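A quick write-up on the structure given underneath.
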Amino acid sequence: MLIQLLFNSVFNVIDKMEKFFAYQKDNRVPCKYGRKCFQKNKEHTDKYKHPPTKNDIEVDNKKITRKRDSKGRVKSPNKTNGESSNSDNRNNPNEESHNSDEVNDMEVPERPEQTISTSNSEPNSITSTNNQQNSTEYAVPLMRQHSQQQQLLLTNSTLEDCSVDDGIVPSTPTLFTPRRLDGETVSSPHVPSSNQVQRFTFVGESQPSQISDLNDREQPDPPVQNVTDSDYLKTKISELFLVEEMPKEFYDLWSFCKRLCSTHPEDALLSVGLKLVGPYDVLAGKMNGFNANDVEKTVLHWRYYYDPPEFQTILVSTGSEFHIGYYRDEPSASPVYVVSNDSSKNCVIQKLGKSLFQALSKHLQRMDSKVANSLKKKLLAYEKRKVTEILEGRKCDPVTKTFHKAGIVVPYDCKTDIGYRPLSESEYNLQKILKSYHEASESKKMEVMDKLQPIINYANIASDECDFGTGFELGIDFFCDGNPDLHRICKQLLVTAYNLLRRPQFATIIKAHLNNRRKGPNMSIL
């Protein structure tokens, strides 16, 4: 009789396992409601699979049932005096028959609770979106647990109920992946948890499951979202030239030149003696070898002798030192004007307008040639159709003009009169002193320096009293004078002023420029 009960128990376990694995091999999508699903229509059953129920498996009334605690040990509700549940079950067969009503149809070895993680830092995370909730990640084991499989075969323990937990929201069912008798994993809506985890994201009911296949292969890493070319180029320009993002019309001109010359847009204006340079060389792919560590070189790319840090060259003449660029009052702000300068003549910066297209139209109009007139018509037609934004201009007036005539803008409180005070000498007198210093012999320069020193001291005192614009103005005037003998004083004044005005990018530019100040028409570093 005992042998007959043992055979019946073994056959019942085998029958249940066959039903269980048949359910796992089913290619249909698992129903999120499990065996509690109330839908019996053919359309639903053709699309979704459901776990085996009591009606599908004949259960022996004398089947031995052992429940396990959170640590996986067999326990008994009538356990007393430290006796094991195994001994109780062996010694009390009637009790086994009494508890047969509590038998679960299909049981698996009890597992620790699944840990939920929202971290995206795992190397093998796969991101997807649930139809009803945000994506949720569950821990998945990396290694096969052969010992657990052996225990499943050698013991009389039955499998736990694999149906969906009542406490789980139906739209996000708990996933557990069982393994076959040979140790291989089987496609399943259930995935075991372990301390050694591989992360994945649960997919919605309308999407196919992406759990590991029969070969237990790991899911590939999700593709890395590459930044677009435009985003990369914008960041590259800011990184190499220490300025804020270029205005939209800057890229509009590049698009216009690509229509004229698709292979080399930077050379599209050579017919009128102009060439796109500076940040346009980044768009042309000529500065890919430079990075943030090369800013002392890149900020000098097409920086002419009299270009202050506020001036950024973008168009140059092929036959002279005439060049066009943007003028910024602050490195973190958009340009305020399109300006030009001819460093072979003087330091004066001329205002051309609030748009590159306007500035080019004025320049082409002065050329008065057939090629220039034809290009001007194309430029105006493209501007009318495509250009929708221009520069906004200055939001406040400059506190003084300085030698280059473009003026400087600094924070100034008119009520407290803090931010700027005029120099101790007028612009005319300062120009005379600087000219005499430039023309004086070595023996006479000390006498002229004695006239300059009080002006320098006055500017330093003004900076100490929060009138930062005074030292800024004097430093720009020394820079525009262009005398190499004054570069040390000019650097000290401007670096101090830019740092006090919270414009450290301009401080970096002026230091690099004064350390390597060049003259000539070709200011490229390439």
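The values are calculated or read from the model by the stated rules, or taken from the named source; none is laboratory data. What you see is a predicted model; the values in this text were computed from it and never measured. Every residue, glycine among them, receives a Cβ derived from its backbone with ideal geometry; neighbour counts consider all protein chains shown. Areas reflect the complete protein model, heavy atoms only, side chains present, ligands, DNA and RNA absent. Shrake-Rupley method; radii C 1.70, N 1.55, O 1.52, S 1.80 Å.
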**Report entry** Whole-Hz ³J(HN,Hα) from phi, Karplus 6.51 cos²θ - 1.76 cosθ + 1.60, for the stretch 500-505, glycine and proline x
**Finding:** 5, 7, 6, 10, x, 4
Query raised in the report: Gap in Å between the Cα centre of the stretch 338-416 and the Cα centre of the stretch 304-330?
Result: 11
Query - Residue pairs, from the table Lys275/Lys519; Lys351/Lys395; Lys401/Lys444; Lys234/Lys405; Lys236/Lys362, whose Cα atoms sit over 22 Å apart - result: Lys401/Lys444; Lys234/Lys405; Lys236/Lys362
Query raised in the report: Where does each of Arg28, Arg303 land when they are ordered by accessible area, with a 1.4 Å probe and the largest first?
Result: Arg28, Arg303
Report summary line: Rounded to the nearest 10 Å², the 1.4 Å probe accessible area of Ser361 is 10
Report task. Jot down the radius of gyration and Dmax of the stretch 373-526, Cα atoms only, both in angstrom. Result -> 19.4, 64
Requested in this report: Give me the distance in nm between label points sitting 7 Å out from Cα along the Cα-to-Cβ direction at Lys275 and Met449, one decimal.
Outcome: 4.1
Query raised in the report: Which whole-number percent is the relative contact order of the stretch 392-519 (Cα, under 8 Å, 6+ apart)?
Result: 21
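Which order do the peptides 230-236, 480-486 come out in when sorted by mean C-beta neighbours inside 10 angstrom, highest first?
Details: 230-236: 14.3, 480-486: 16.6.
Going from most to least packed, we get 480-486, 230-236.
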Report summary line: Computed ³J(HN,Hα) along the stretch 508-523: with the Karplus parameters 6.51/-1.76/1.60, θ = phi - 60°, integer Hz and x for glycine or proline, the list is 5, 5, 5, 5, 5, 5, 5, 6, 8, 8, 10, 10, x, x, 9, 9
Query raised in the report: Per-residue accessible area for Arg35 at 1.4 Å probe radius, Å² rounded to 10?
Result: 60
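Measuring with a 1.4 Å probe in the full set of protein chains, what accessible area per residue, in whole Å², belongs to the stretch 325-382?
For the stretch 325-382, the per-residue accessible area is 46 Å².
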Query - Per residue accessible area of the stretch 412-526, 1.4 Å probe, in Å² - result: 52
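Net charge near Thr235, counting Lys/Arg +1 and Asp/Glu -1 over other residues with Cβ under 13 Å of its Cβ? Please report the intermediate quantities before stating the final value.
Details: positive: Lys234, Lys236; negative: Asp229, Asp231, Glu239, Glu244, Glu245.
So the surrounding residues net to -3.
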Query - Cut-off under 5 Å, modelled amide H: who pairs with Ile314 long-range - result: Ile324, Gly325, Tyr326
Query raised in the report: Ignoring ligands, DNA and RNA, what percent of the 1.4 Å accessible area of the stretch 448-526 is carbon and sulfur?
Result: 48
